[in-house]
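Student: Take a look at the following structure, please.
The values are calculated or read from the model by the stated rules, or taken from the named source; none is laboratory data. Model, not experiment: these values are computed from the prediction. FYI the Cβ positions are ideal-geometry reconstructions off the backbone, even for glycines, and counts take in every protein chain you see.
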């Protein structure tokens, strides 16, 4: 009777007043908001301001407002370099997706005991410095390196092959360094798959290809979209790998921006290229968000 009376009282008392959040959550967000302000918003605004400026004869920034840097950025010479950068990033993303999806699926469908070991193997490259990993590949691909020595020992080639300073070396370095960023988001989506759906499809007579195309792939598309974004966006602006393994033969937009801020001492033009690159990043993020919303709808 007491429970019934209490329930009736709650039902007739009407909705309870909404509690307003106190200042505590905002204080908790203060460090993150401060970090975004100091290291993201302020530098971006400074980059935009400098991009509309010009430099004097000594290479100093003269603050003005003109569009000369952006007009110059759309010259065919720079658009060609941007196209090469996008092509490298596209190839890197496609190769990482082809190599990373089976690995992520295998890890996600493994037992929990094995899964932790496999994830650790994927994360092993992050235990060493980025430059050490890059120089390791340089020593492997060099004319006197391990790969050429192996090919000549097996009598596959009679002379060393020039692997270094080629598009092959650049894409290989990009794939090696960004492959974990493709595997981990896809693994997260695969781990959440409901195994009963896959089993039900097999029980109804569906073949493996149909199960993958109509059940597994649609349910893991959010992880694929996240992996593509995490690989494609930074691969466009990566200049360390393209400089070390490409030798500057086919410069990328990241190398050009670096040279404008250092060797050429033309910070306004480098800033304009950086702003255009930022616009590409935001466009990629918008496409990814739209893709995810389309999948949810």
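Student: If you scan segment 100-114, which residues turn out to be outside any loop (DSSP other than H, G, I, E, B), free of Cβ contacts under 8 Å to residues at least 60 places away in the same chain and either under 12 Å from residue 190 (Cα atoms) or in contact with a helix residue (DSSP H, G or I) (Cβ under 6 Å, 6 or more places away or on another chain) (or both)?
Tutor: Matches in segment 100-114: 102, 106.
Yes/no matrix, rows are residues, columns are (1) out of contact with any strand residue (DSSP E or B) (no Cβ under 6 Å at 6 or more places or on another chain); (2) modelled with pLDDT of 85 or more; (3) outside any helix (DSSP H, G or I):
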| site | (1), (2), (3) |
| --- | --- |
| 250 | yes, no, yes |
| 255 | yes, yes, no |
| 264 | yes, yes, yes |
| 271 | yes, yes, no |
| 284 | yes, no, no |
| 288 | yes, no, no |
| 295 | yes, no, no |
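Student: Checking residue 178 against (1) assigned to a helix (DSSP H, G or I); (2) without any contact (Cβ under 8 Å) to a residue 40 or more places away in the chain: exactly one of these is not met. Which one?
Tutor: Going through the list (1) assigned to a helix (DSSP H, G or I); (2) without any contact (Cβ under 8 Å) to a residue 40 or more places away in the chain, residue 178 breaks only (2).
Student: Now a separate question. Which one of these is touching a helix residue (DSSP H, G or I) at 6+ places or on another chain (Cβ under 8 Å) and more than 24 Å from residue 132 (Cβ to Cβ): 231, 256?
Tutor: Exactly one residue qualifies, and that residue is 256.
Student: Which of (1) surrounded by fewer than 20 Cβ atoms within 10 Å (Cβ to Cβ); (2) more than 25 Å from residue 227 (Cβ to Cβ); (3) touching a residue at least 40 places away in the same chain (Cβ under 8 Å) does residue 150 not meet, given it meets every other one?
Tutor: (3)
Student: Any idea which of (1) assigned to a helix (DSSP H, G or I); (2) out of contact with any helix residue (DSSP H, G or I) (no Cβ under 8 Å at 6 or more places or on another chain) is the one residue 143 doesn't satisfy?
Tutor: So residue 143 meets the others, but not (1).
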